[in-house]
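Take a look at the structure set out below.
The values are calculated or read from the model by the stated rules, or taken from the named source; none is laboratory data. Note that this is a predicted model, so its numbers are computed, not measured. Counting neighbours? That spans all protein chains shown, and the Cβs are built from the backbone with ideal geometry, glycine included. We work out accessible area using only protein heavy atoms, side chains counted, and drop any ligands, DNA or RNA first. Shrake-Rupley method; radii C 1.70, N 1.55, O 1.52, S 1.80 Å.
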Amino acid sequence: MIDRSVSYVASLNTPLSMIVIGSNLGTISGDFYKDSKAWLICFLRNFLMPACMSVILLLVPLSTTAYLAVVIMAAAPVAGFIVMLSLLANRPVAFPMRCLCLSTLMSVVSVPLIIMLASWLKQLV
């Protein structure tokens with residue numbers, strides 16, 4: 001009975017967070033892409049951090065599969081958790097929502113580029 005209850009709550013985790021994020025997404029104005037701070041954070045998060053991670057991980061003896069898996073996870077866009085934390089702390093959610101949107105849109109380009117970079121670096125070593 002406890003296992004089933006925990007399973008039900010766990011299966012609600014993602015849909016509920018998507019509902020909360022989606023309801024806050026509607027509050028963003030159409031010019032969210034003009035925020036230079038959000039662009040900087042998304043650039044650092046989507047390009048610089050995974051590129052540095054892929055170079056640092058070359059020092060660790062990992063198989064190619066494990067190496068690429070970690071780099072792909074590092075290249076993933078900003079999580080919706082930042083919006084949830086802002087809501088829990090009663091802080092404004094406009095900036096985290098802009099970062100979430102820009103990071104997700106930017107990941108269409110950044111994730112394949114980071115994967116290509118990591119694959120190329122791993123072949124060199």
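Between the alpha-carbon centers of the range 1-24 and the range 56-120, tell me the distance in whole angstrom.
Computed from Cα coordinates, the inter-centre distance equals 22 Å.
Over the Cα atoms of the range 1-74, what radius of gyration and what Dmax do you get, in Å?
Just the Cα atoms of the range 1-74 yield Rg and Dmax of 18.7, 50 Å.
Keeping all protein chains in the complex and leaving out DNA, RNA and ligands, what accessible area do you get for Phe81 with a 1.4 Å probe, in Å² to the nearest 10?
About 130 Å², ignoring ligands and nucleic acids.
Say each of Ala89 and Ile72 gets a label point 7 Å from the Cα, pointing the same way as Cα to Cβ; how far apart are those two points in nm?
Calculated label separation equals 3.2 nm.
For the chain, which whole-number percentage of the solvent-accessible area (1.4 Å probe, protein heavy atoms only) is attributable to carbon and sulfur atoms?
Accessible surface attributable to carbon and sulfur in the chain totals 74 percent.
When Lys and Arg each count +1 and Asp and Glu each count -1, what net charge do the other residues less than 13 Å away from Ile82, Cβ to Cβ, add up to?
That works out to +3.
Over the range 1-51, give the accessible area per residue in Å² for a 1.4 Å probe, as an integer.
On a per-residue basis, the range 1-51 sits at 76 Å².
Given only helices, namely DSSP H runs of n ≥ 4 each adding -39500 (n - 2.57), what is the per-residue ellipticity at 222 nm of the chain, to the nearest 500 deg cm²/dmol?
Only helices count here, giving -24000 deg cm²/dmol.
Using 0.36 nm per residue of separation minus the Cα-Cα distance, give me the extension gain between Leu62 and Leu121 in nm, one decimal.
Net length gain for the segment: 19.9 nm.
List the equivalent ellipsoid semi-axes of the chain in whole Å, largest first, each obtained as the square root of 5λ for an eigenvalue λ of the Cα gyration tensor.
With the √(5λ) rule applied to the chain, the semi-axes are 30, 23, 11 Å.
When the chain is fully extended, how far beyond the present Cα-Cα distance does Phe81 get from Met49, taking 0.36 nm per residue of separation?
That works out to 9.7 nm of additional length.
Relative contact order for the chain: what percent, with Cα pairs under 8 Å and sequence separation of 6 or more?
36
I'd like the orientation of helix 2-25 relative to the chain: the angle between its Cα long axis and the longest Cα principal axis, in ° from 0 to 90, rounded to 10.
Helix 2-25 sits roughly 90 degrees off the main axis of the chain.
Give the accessible area for Asp3 in Å² (nearest 10); use a 1.4 Å probe, count only protein heavy atoms, and leave out ligands, DNA and RNA.
120
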